[in-house]
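Written below as C-alpha cells is the structure these notes are about.
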C-alpha cells in the first residue's frame, strides 16, 4: 500500500510542475524551477538527517522517543531559522529579479515544512505505520496540485500559486504533527542534542550534497542562461525525476527492514536480487524515455518545449545508472558505511558543480544534461567500488555489464529504426532487442517476471525472519 500510495503522492507532486509548465510556458516555468531549486539547495537539509536517525531509533525499539523526537524538531527549527535568511540573501546576491525573489521567499517555507514531514514520516516508518505516511503524503501532494489548478483557473500568477500552496501545506503539517502525538510526545532535552548530531550528521551531510547535486544545474542555468532555457531543462528533468521515484520508493520501503535484519548473508542475497531487478527496470525505463521523448514531453507539457526533447534523450541513460546506484547506496548505508557514502556524495556534488560551470555557459541545457549523466556514472562507480569488501562483486559486475550491453543494443536499434518505422515502432523494436539480450545473458528470467513487477514484495520476503 505504501509503495502505491507513495508513488501516487510523488507523481502528483511532479504533476504540479507539469501543470505549471503547460499553463505558463517555458519562461514562467523556468522561474518556478529556478526558485524551487535554490530554495531546496538551502533548506531541504534543515533536519540535518534527523529523519534517518529517528527512523533507525524507532525501528530498533528505542525507549525514549519523546526526547529524541523533541530534539529533532528543535534542531530542524533552529537550522531553518538560520538557513531561510541566508536563502533570501543568496537570491539577492545572485541577481535574481524581484519576481523570482518573491517566488523564492514563498517556496522556501514550503520546503522547510517538507523537512518536518520527514521527521513525522520517520516516526511512523519505524513503527511500521505505513498507512499514516501514505495518507499524509498523498494529501501533501494533492494540496500542491490543487494550488496549481486553482491558480490556473482563476488566472493567478505563480506567486499566487506559491502562496496558496504554502497555506494548504501548513494546514496539512499541523494535522500530521497532531497525529504523531499518539506515537511520541516531543520533549526537548538539550543534553541529548549532541547524541542526535553525532547520529545524524552524516545522513544530513549526504542529503545536503545530493540536494546540491540535483538542483545546482537549474540554479546555474538561471545565472548563465535565460529563464526559457531553465524551463526547457526543467521540463526534461521532471520526466526523469518522475521515473526516479521508483528506486527511491524501493529504498524507502526496504531500509527499515534492512536496519532490523542487519548486515548478514541473507541481506546480501536480498540486495543482489534487488540490484538485478532494478537494473532491468532501469534499462527499460531509459530506453523508453530515449525512444519516446518527443511524445512524452508533448503529452505532459505541450508543444512549447521542443528543445527539451534533446535534453531528455541525453538524460535517459541516467535512469539506468540511478536505478542500479540506489541498490548499491542502500547497501552501504545498512552496512554502517554511511561515511563512505557521504564522502562519495560530496565528491559527486563538487564534480557536478565543476562540469556545470564549464558546460552550461558553452552548451546550455545540453551541457547541463551531460553533466548530470557523467556525474551519475561516476557516483555509481564509486558506490560499487566501495562494495568490494561486502562480497557482492561477483553478482554486481555481471549485472552491470549485461544490462549496459542490453540497453546499448536496444537504444541503437531504436535510433536506427526511428526514421523508417517512426517513434512507436522503433521503441517497440528497441524494447524487444533489449529484452532479448537480457534474456540471453541470464539477466532477465521467466521466473523473475513477477518479481520485476513487485520488487518490494520480493525484497521483503527475502529478508523476513
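Couple of notes before you dig in:
- In terms of other Cβ atoms within 10 Å, 209, 161, 363 run from fewest to most in the order 363, 209, 161.
- Placing R0 at 30 angstrom, the Cβ-Cβ distance between residue 416 and residue 358 gives a FRET efficiency of 0.40 after rounding to 0.05.
- Working from label points 7 Å from Cα in the Cα-to-Cβ sense, the residue 179 to residue 423 distance is 3.8 nm.
- Rg/Rh for region 18-118 stands at 1.11; both radii use Cα atoms, and Rh follows the Kirkwood definition.
- Largest first, the extents of the alpha carbon coordinates of region 71-120 on the three principal axes equal 37, 16, 10 Å.
- Ordering 19, 373 from the fewest to the most neighbouring beta carbons within 10 Å gives 373, 19.
- Extending 7 Å from the Cα toward the beta-carbon at both residue 381 and residue 78 defines two label points whose distance is 4.1 nm.
- Cβ crowding within 10 Å ranks 294, 64, 336, 330 as 336, 64, 294, 330, fewest other Cβ atoms first.
- Shape analysis of region 42-189 places it in the oblate category; the axes a ≥ b ≥ c from the Cα gyration tensor give an a/c of at least 1.5, with a/b not above b/c.
- The translational diffusion coefficient of region 270-318, from Stokes-Einstein at 37 °C and 0.692 mPa s with a Kirkwood hydrodynamic radius over alpha carbon pairs, comes to 278 µm²/s.
- In this simple spin-label approximation, residue 93 and residue 195 carry label points 7 Å from Cα along the Cα→Cβ vector, and these lie 3.7 nm apart.
Any read-out appearing in this document is the output of simple, stated calculations on the displayed coordinates, not a laboratory observation. Note that this is a predicted model, so its numbers are computed, not measured. With ideal geometry, Cβ positions are generated from the backbone for all residues, glycine too; neighbour counts draw on all protein chains shown.
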